[in-house]
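Chemist: Have a look at the structure that comes next, please.
Each value in this text was obtained by applying a stated rule to the coordinates, not by laboratory testing. Computed from a predicted model, the values in this text were never measured in an experiment. Heads up, the Cβs are rebuilt from the backbone with ideal geometry, glycines too, and the neighbour counts pull from every protein chain shown.
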C-alpha cells in the first residue's frame, strides 16, 4: 500500500569518505528523540503545572548479525570499536512501497558496543549512539529504476531436503545476487542445478540445490538479494 514503509526499507548508514555504508547485517533499530520539559509554573498558574520545551536528546540503537570486516560494503563492529569516541555523520533512509522516501541525517557519538554469541546461531552485533547537534530531514528523490538492496537472509536447512524458500523472495522483482551453502558460494543456473549450483524461482521464492546432495543437519543457506523496481 502506498506511503507505507516496511521494516526492511529503513536503512541505517554511516558516512565514510563521501559514501554511506549500512551497519553490519542490521535487523533491529530504535531511533528515539526525547524532548526535555522545563517547568514554568508561577503564582499566576491555575491548579495545573505549566511547561515549555527545553533541550532535546536523541539516541540510536542498532542490532544485527555480525560481519567480520567492511569488505562487503557493510560496517563491522570491529571498525566501530576503532572510531568509538569520535563524532560521525549518520543517515537513516526510509523508503515507502512507492519508492518515495526521506533521509534523516545527523551526527552521533558511539556510546556502547556489543558482540554476543549463542550456540547454533550467528553472532550478534549491537551499537548504541547519542546524537549531537540538530537532526535534518530531507526528501529523497527516487531515481529511475531504483534498486532496493535488502539485508541478507540466513535460512536454516531441513535435513534431507534440497530446496529452501522465504516469503521475502516470493516477489516478481526479487533478484538473487549471491548464494552460499555452509559458507561455500554457488553459481546460479536456469535448469536443474548440479554440484555448487542453485536455481532461483521468484514466482514462489524457492532456491533449489543439487537434489543428489540433500542438506545435512545444521546447514545454513546465505542469500544476498535485492528488489528491482
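Chemist: Which of the strands (runs of 3 or more DSSP E) contained wholly in segment 1-41 include at least 3 residues that are more than 17 Å from residue 102 (Cα to Cα)? Explain how you work it out, then say what you get.
Modeler: Values: elements: 10-16, 19-22, 25-39.
Strands (runs of 3 or more DSSP E) meeting the threshold: 25-39.
Chemist: Residues of segment 168-209 being on the phi > 0 side of the Ramachandran plot and either surrounded by 13 or more Cβ atoms within 10 Å (Cβ to Cβ) or in contact (Cβ under 8 Å) with a residue 60 or more places away in the chain (or both), which ones?
Modeler: Once the filter is applied, which keeps residues that are on the phi > 0 side of the Ramachandran plot and either surrounded by 13 or more Cβ atoms within 10 Å (Cβ to Cβ) or in contact (Cβ under 8 Å) with a residue 60 or more places away in the chain (or both), segment 168-209 yields 196, 205.
Chemist: Would you check if residue 89 is loosely packed, with under 15 Cβ neighbours inside 10 Å, farther than 25 Å from residue 227 by Cα and more than 20 Å from the chain's Cα centre (by Cα)?
Modeler: So residue 89 fails the test.
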